[in-house]
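Okay, so here's the structure we're looking at.
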Amino acid sequence: MVALADTPVLAGDRSIRARRVAFGLAGLLLLTSLLSLSHGASGVRLDLVLQSWLAGHDVPARDWLILWEIRLPRMLTGVLVGASLAVGGAVMQGLFRNPLADPGLVGVGAGAGLGAVLAIVLGGQAPAWVAAWLGWNMVPVAAFMGGWLSTMVLYRVSTRAGRTSTATMLLAGIALGALAGAATGILVYVADDRQLRDLTFWGLGSLGGASWPKIAAAGPVMLLALLAAPFLARGLNGLSLGEAAAHHIGLPVQRVKHVAILTVAAATGAAVAVSGGIGFIGIVVPHLLRLATGPDHRYLLVNAALLGATLLLLADLIARSIIAPAELPIGIVTAVIGAPVFLWILLRRRGLVDL
Amino acid sequence: MLTNRSLHASLGRTAVLHGITTSAAPGRIVAVIGPNGSGKTTLLRAISGDVAYDGRIALDGADLADLKPWELAARRGVLPQAATLAFPFTVAEVVRLGLTSGTQADRSDLIGRALAEVDLTGFSGRYYQELSGGQQARVQLARVRAQVWDPVVAGRPRWLFLDEPVAALDIAHQIGVMRVLRRFADAGGGVVIVLHDLNLAAMVADDVWLIHDGLLLDAGSPARVIGGSALAEAYGCPIVANRLPGPQATFVLPHGLWAAAG
């Protein structure tokens, strides 16, 4: 092992900076997680609870309950959903070789939403063995299937000979989103009162409904996507040269594409199933990181997970404190922050893309 | 040794190659010439493993169809005609992409050396997208060179397959790139290069393959192929080859220009 001082860093090699950023982001996420745990409408203070617990005093059962049954699931859900949305966006952008490919914008989120609504409304009519087999997982699995189908269709429509047209991708995304929205509308129309209540809560785009059963159902899907993503890093790096060149440098291109599509669907589907549509995390986080440390996916994917989780926890903190004790849907907060960033990317790239 | 036996290939429903049998030896530069649409690029893509083909392609004894992508990548680098890049990578990062499947033990200095070879020392920190077309072409060449840096590994030659690598370059850098290829071949590597510039092909190639309508019309030394009668037939215009005294001194001028004007 050569000491770092002996090998001058080649200009343009941002890998060391990217690794430092990863450590910084991990620290930031830890801080934000603690903030999320210690902040809530009930006024229970994490530090006081822990202090008295460590000192051997009795902690009121209500305080434990608030921390363990409300704040901890909410914080964990925020971390998983934020990381999944950001990683899903980064993987999708790498697959489409396009920084504007956000699952929420190009119909994948809507497709996943349709899957979730299908499961909520028609899940009761599913054969008994399906219901028994999937149980609580039916909504996230259906959302995954919806996301997967729409990603496949979108890729087929917008990619020719290994190249993706930005215009086709965005327009096809609008069409897919409209189609999924229409189908969702029909389902909402035929839903009964109990299902409508479920749908409304789900559709708000909030972490408010976080619970342990929900984490148990959707968490593994998100974890799987997050763990699969780093193995895609070299493949997505290669794909940025185009499919032919990716093959030339030794990558199994078809396998990379299939795994990438499944990862996007799993990350987006499970996140949508838990928290409804939360936009712009998937586009803002990877873009900021590419500006800071470059597009190398070996670092981008890890850092996106950390920053996505942090940003969503912060958005959640804003959403539940700005009009406390009421809560703003978190999707509104991310849209207010994210939409201008999206427009800014468009403006910066206007000369580079033939929209 | 690269050998093609009765190679047939199609693009979509159009048959492009109609049975090409030829071979290239390591240590030599093969220039593939022929008019537009003759099948040069498809031939290069076939030996690169990019398009489906009928017939047999063997690379140093191994059937191309049996090699996995990463095994292929350890044996040959490919420079496609139009190279693209999706995200704002720096020059150093682009060259490093070529090291994905590299077999070098010591690669720490390879990026700098590959850039020096194409006269881009000091460009490693620049954004690829902000370079000129010719500079981008040289960065891509450096990436491909880094992938197969050593021309011979464990007694087996490595190959460079290049499609029009100098089309965007000024004449000094055209010659610079040709020198890079010459050194690679002289050190035991194999080079197959698609060229439009007949004079450049005559100057640099050891062997020339003349492709016309998906068939190998002629193959041999530049003096033979570029000086031969098949050339004018393939291009469909009068071409007169001239010779200067000395080795590799065949050159052609588009004599048809004056004939048409007169």
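Some values worked out for this structure:
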| quantity | calculated |
| --- | --- |
| Verdict on A:ALA225 being out of contact with any Asp or Glu (no Cβ under 6 Å at 6 or more places or on another chain), assigned to a helix (DSSP H, G or I) and not aromatic (Phe, Trp, Tyr) | yes |
| Count - residues of the stretch A:206-237 that are aliphatic (A, V, I, L, M) and within 14 Å of another protein chain (Cβ to nearest Cβ) | 3 |
| Looking only at the stretch B:124-142, and only at residues there that are at the interface with chain A (Cβ under 8 Å from one of its Cβ atoms) and either under 16 Å from B:ALA86 (Cα atoms) or among the aromatic types (Phe, Trp, Tyr) (or both), the one that is least open to solvent (accessible area, probe 1.4 Å) | B:GLN129 |
| Test: residue in the stretch A:238-252 that is at pLDDT 90 or above, open to solvent by 10 Å² or more (accessible area, probe 1.4 Å), part of a helix (DSSP H, G or I) and away from chain B (no Cβ under 13 Å) | no |
| Hey, A:ALA175 under 30 Å from A:ILE345 (Cα atoms) and at pLDDT 80 or above or not | yes |
| When residues of the stretch A:179-201 are limited to those that are open to solvent by less than 40 Å² (accessible area, probe 1.4 Å) and modelled with pLDDT under 85, the one nearest to A:VAL302 (Cα to Cα) | A:LEU199 |
| Any hit, the stretch A:256-267, residues being without any contact (Cβ under 8 Å) to a residue 40 or more places away in the chain and within 14 Å of chain B (Cβ to nearest Cβ) | yes |
| Flag if B:ASP119 is more than 8 Å from every other protein chain (Cβ to nearest Cβ) and touching a His at 6+ places or on another chain (Cβ under 6 Å) | no |
| Matching entry among A:ILE330, A:ILE337 (being surrounded by 24 or more Cβ atoms within 10 Å (Cβ to Cβ) and either modelled with pLDDT under 90 or in contact with a strand residue (DSSP E or B) (Cβ under 7 Å, 6 or more places away or on another chain) (or both)) | A:ILE330 |
| B:ARG96 open to solvent by 30 Å² or more (accessible area, probe 1.4 Å), within 14 Å of another protein chain (Cβ to nearest Cβ), under 24 Å from A:ARG14 (Cβ atoms) and among the charged types (D, E, K, R) | yes |
| Odd one out for B:LEU67, checked against (1) more than 14 Å from chain A (Cβ to nearest Cβ); (2) closer than 18 Å to B:PRO157 by Cβ | (1) |
| Residue, modelled with the lowest pLDDT, within the stretch A:315-327, restricted to residues that are surrounded by fewer than 19 Cβ atoms within 10 Å (Cβ to Cβ) and part of a helix (DSSP H, G or I) | A:SER321 |
| The listed residue being in a helix (DSSP H, G or I) and farther than 23 Å from A:LEU301 by Cβ, out of A:PRO220, A:PRO213 | A:PRO213 |
| Failed criterion for B:VAL177 (all others in (1) touching a residue at least 60 places away in the same chain (Cβ under 8 Å); (2) open to solvent by less than 20 Å² (accessible area, probe 1.4 Å) hold) | (1) |
| Filter pass, B:ALA83 being facing another protein chain (nearest Cβ under 10 Å), in contact with a helix residue (DSSP H, G or I) (Cβ under 6 Å, 6 or more places away or on another chain) and not charged (D, E, K, R) | yes |
| Residue, most open to solvent (accessible area, probe 1.4 Å), within the stretch B:51-81, restricted to residues that are touching an Asp or Glu at 6+ places or on another chain (Cβ under 9 Å) and over 20 Å from B:ASP150 (Cα atoms) | B:GLN81 |
| Filter result for the condition that a residue is under 30 Å from B:PRO238 (Cβ atoms), assigned to a helix (DSSP H, G or I) and aliphatic (A, V, I, L, M), over B:ALA223, B:ALA185, B:ALA146 | B:ALA223 |
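The values are calculated or read from the model by the stated rules, or taken from the named source; none is laboratory data. In this text, all values refer to a predicted model and were calculated from it rather than measured experimentally. Quick reminder, even Gly has a Cβ in these numbers, built from the backbone with ideal geometry, and neighbours come from all protein chains shown. Areas reflect the complete protein model, heavy atoms only, side chains present, ligands, DNA and RNA absent. Shrake-Rupley method; radii C 1.70, N 1.55, O 1.52, S 1.80 Å.
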